[in-house]
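Report on one structure; see the data block that follows.
What follows is calculated from the coordinates using simple rules that are stated; it is not laboratory data. Just so we're clear, the structure is a prediction, and the values are computed from it rather than from any experiment. Cβ atoms come from the backbone with ideal geometry, glycine included; neighbour counts cover every protein chain shown.
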Amino acid sequence: MRYLNHIIGILVFIIVLFPRLSVSQPTLQVPHFKIFAHDRNLSEEVRVILESSYQKISEFVEDSLTGTVSVYVVDTDEEFASMVGNGFPDWGIGCAIPSRSMIVLKSPLRFKYNPSFPQVVNHELAHIFMGRLSRGKGVPRWMDEGFAMYHSHQWRIGQEVIVARAVLTGSVLSLSEIESVNAFEESKAQLAYTESFLAVSYLYGEYGEGTIKEIVGHLANGTSLDLAFLRTIGLSYFTFRLNFEEYIQTKYNWASFLGDTFLFWIGLAFLAVFLYLFKRRRTRRKLKEWELEEEKITKRDELTDDQA
């Protein structure tokens, strides 16, 4: 019985540890990255994406990563959870852990990606760079996510509608609310990511593309968030938030939205196509009715002639 208990204990240990062991050896190792995946071709695809993104982000922030980033591409939810923890939202498909120089991705061979797989890889690598810039000091979640969204080019046609709808319904998130994005349902999280992108784009547009790096640099040196903003853009963090919220309300209300975006014209085009198809279908139906009516009249006349 004692030996049986030992065997059971060993089996339980293997089962618990198995997800971590299944990709324990790197399938590809290059400067800056160790890539762990079950598929060699997928490892090569990840390498190409990472190296391209690394060069672009490194040039943008004028900095490079020290050490090697381990990138895991896993096949199951269980493997993913074993590496990132059970508190990760179920809508999440990639995770960066800068403190451990680690990125974990669900395999695109087994999971559906929207946004695309390359965008998510770029997104997670941007988080690693943010960790490097901040030297492990906390940065606002909206800044971290917005920076990652910006450098992975995740703005898509139609996201203006998400913000405009939030403005119309009074459900725009404050920047402080975005700290809890992992607890949001997917649609609310999508709004949080969109607002994060807009906040970073707003900073870049108003104060220059070096703004985020400078703010994060102050935070890395132990400066408070309010003072970091004051030293960088000449405004307190509170004033910046007020200005950004006013920008959102002004730019994305329905009146300005319809007058300032080509989506309005796309909508008109879709409406025109819909009306055309609807009219065409109704015309066909009418012609069919006429044909049936004509057949009835013909049959009735033939029946009358036979009787005569």
Legend entry - Rounded to whole Hz, the Karplus (6.51, -1.76, 1.60) HN-Hα couplings of segment 95-112, x for glycine and proline: 8, 10, 10, x, 5, 10, 6, 9, 10, 10, 10, 7, 5, x, 6, 10, 10, 7
Legend entry - Set of aspartates and glutamates near residue 106 by C-alpha distance (under 16 Å), chain-local residues within fewer than 8 positions excluded: 39, 44, 45, 75, 77, 78, 79, 90, 124
Inset, instruction - For residue 155, list long-range residues whose amide hydrogen, built 1.01 Å from N in the peptide plane, is under 5 Å from its own amide hydrogen. - result: none
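Quick check on the exposure proxy: order 142, 290 from fewest to most C-beta atoms within 10 angstrom.
By the 10 Å Cβ count, ascending: 290, 142.
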Legend entry - Cα→Cβ-extended label distance, 7 Å offset, between residue 99 and residue 280, nm: 6.0 nm
Inset, instruction - For residue 30, list long-range residues whose amide hydrogen, built 1.01 Å from N in the peptide plane, is under 5 Å from its own amide hydrogen. - result: 35
Inset, instruction - Would you grab the residues whose amide H sits under 5 Å from the one on residue 69? Only those 5+ places off in sequence or on another chain, please, with H modelled 1.01 Å from N. - result: 33, 34
Inset, instruction - In whole Hz, with x marking every Gly and Pro, tabulate ³J(HN,Hα) for segment 217-227 from phi via Karplus 6.51 cos²θ - 1.76 cosθ + 1.60, θ = phi - 60°. - result: x, 5, 4, 5, 8, x, 6, 5, 4, 5, 6
Inset, instruction - Give me 280, 231 ranked fewest to most by other Cβ atoms within 10 Å of their Cβ, as a rough exposure proxy. - result: 280, 231
